[in-house]
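No lab work stands behind these numbers, since they all come straight from the coordinates. All values reported here derive from a predicted model rather than from experimental measurement. Please note: Cβ atoms are built from the backbone with ideal geometry, for glycine as well, and neighbour counts cover all protein chains shown.
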Amino acid sequence: MKQKLFLYAFTMVSLGQLQAQDFKIAISSTLPVFDTTRHAAALDVSYVLPITDAFEVGLTSGFATWFKMPTYQLGGGLQVAKEDQASMIPVALTTRFNLVKRLDIGLDLGYAFAVNTDIAVNDGLYFAPKIQYQIFDYADIVLGYRLANFNVLISEGSQFYTVDKTMDMITVGLEFRL
């Protein structure tokens, strides 16, 4: 009887812990703040566990892409240069802290894998602070900043060297709790 009671109690506590976990999906797009010729979009999936009533920790991943956009440069005449499309897949630790009711701040910190690039890029650091406002029980508006720092391999003749390339965006989006 004691074993059955222990098994029942263990099952109830485990199921209670499963109910406390959150699975979230977010979609976001860039805000035209700095460079209006660049546009980017992102899709994120997060899995968070509440540590306290005001603090959550989890893992996040997703896909972010900077779209190919023409850039017009004036210099001795009109020249059109195409900027390459670049994408990344971040894998990061995510944290959320509840400041006041319905308002959270968060930080994603991890590693970004470069994909869909026309140049040789090494993977790099990923950093994404954000602020979230809960509009419904199942949805938040998220204002954030994403930064990925990559090393780009450049060749001139027979010489190779690396240059730091930073891909960043200021985003606004929606996050849904499932």
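Our estimate of slack between A54 and A41, defined as 0.36 nm per intervening residue step minus the Cα-Cα distance, is 1.8 nm.
Set the Förster radius R0 to 41 Å, insert the Cβ-Cβ distance between F97 and F63 as r into 1/(1 + (r/R0)^6), and round the FRET efficiency to 0.05.
Once the sixth-power term is evaluated, E becomes 0.95.
With the simple model of a label 7 Å out from the Cα in the direction of the Cβ, N151 to Y138 spans 4.6 nm.
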